[in-house]
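See structure below.
The values are calculated or read from the model by the stated rules, or taken from the named source; none is laboratory data. These numbers were taken from a predicted model, which means no experiment stands behind them. Neighbour counts are summed over all protein chains in view; Cβ atoms, including those assigned to glycine, are modelled from backbone coordinates with ideal geometry.
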Amino acid sequence: MSIQDTIREQVTSHPIVLYMKGTPQFPQCGFSANAVAILRACGVEQFFSVNVLENQDIREGVKQYANWPTIPQLYINGQFVGGADILREMYQSGELQKLLHDIPAH
């Protein structure tokens, strides 16, 4: 399985996926910490996270997968949503909350 296949499988088999530096419990950068905080503020308690610091192939592959150069990256229902700045803007406008509203059991 190629790294792109692995990423595709991850984002399509979990309703909410966050590629980040570190873990939700111990983020390793401010942008990843902010992404987790925004998800929590939206009421999201459970989501699939991938620590890109543990796998260089995933770290580079996810940038190609979404054609997005930075980490963190959020996927909802298999679709790329954005990185830290976009998540913050979507949260402030209420758009992210609407997007997450229909996700079961989060």
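Among what's in the stretch 17-36 and is aliphatic (A, V, I, L, M) and surrounded by 19 or more Cβ atoms within 10 Å (Cβ to Cβ), pick the residue that is farthest from Q97 (Cα to Cα). Restricting to residues being aliphatic (A, V, I, L, M) and surrounded by 19 or more Cβ atoms within 10 Å (Cβ to Cβ), the top hit is M20. The residues of the stretch 7-26 that are under 17 Å from N55 (Cα atoms) and more than 10 Å from the chain's Cα centre (by Cα), listed by number, are I7, R8, E9, Q10, K21, G22, T23, P24, F26.
Close Cβ contacts (under 7 Å, 6 or more residues apart or on different chains) running from residues in the stretch 9-31 that are without any contact (Cβ under 8 Å) to a residue 24 or more places away in the chain to residues that are among the β-branched types (V, I, T) and assigned to a helix (DSSP H, G or I) comprise P27/V36. If you go through the stretch 14-36 and keep only what is more than 12 Å from G83 (Cα to Cα), in contact with a Leu (Cβ under 7 Å, 6 or more places away or on another chain) and not in a loop (DSSP other than H, G, I, E, B), you end up with just G22. Taking the stated definitions as given, is L53 among the aliphatic types (A, V, I, L, M) and closer than 21 Å to E95 by Cβ? Considered against the rule, which asks whether it is among the aliphatic types (A, V, I, L, M) and closer than 21 Å to E95 by Cβ, L53 comes out as no.
Every listed requirement among (1) surrounded by 18 or more Cβ atoms within 10 Å (Cβ to Cβ); (2) touching a Cys at 6+ places or on another chain (Cβ under 9 Å); (3) of a type outside the set (V, I, T) is met by H14 save one, (2).
Of the residues contained in the stretch 37-45, none is found to be modelled with pLDDT of 95 or more, in a strand (DSSP E or B) and at negative phi.
Residues that are among the β-branched types (V, I, T), in contact (Cβ under 8 Å) with a residue 60 or more places away in the chain and more than 19 Å from I7 (Cα to Cα) within the stretch 58-103 comprise just one, I103.
When the stretch 37-71 is filtered for residues that are surrounded by 15 or more Cβ atoms within 10 Å (Cβ to Cβ), in contact with a Phe, Trp or Tyr (Cβ under 9 Å, 6 or more places away or on another chain) and closer than 19 Å to K98 by Cα, the ones remaining, listed by number, are I38, L39, C42.
Among the conditions (1) surrounded by fewer than 14 Cβ atoms within 10 Å (Cβ to Cβ); (2) closer than 17 Å to Q28 by Cβ, the only one that D85 does not satisfy is (2).
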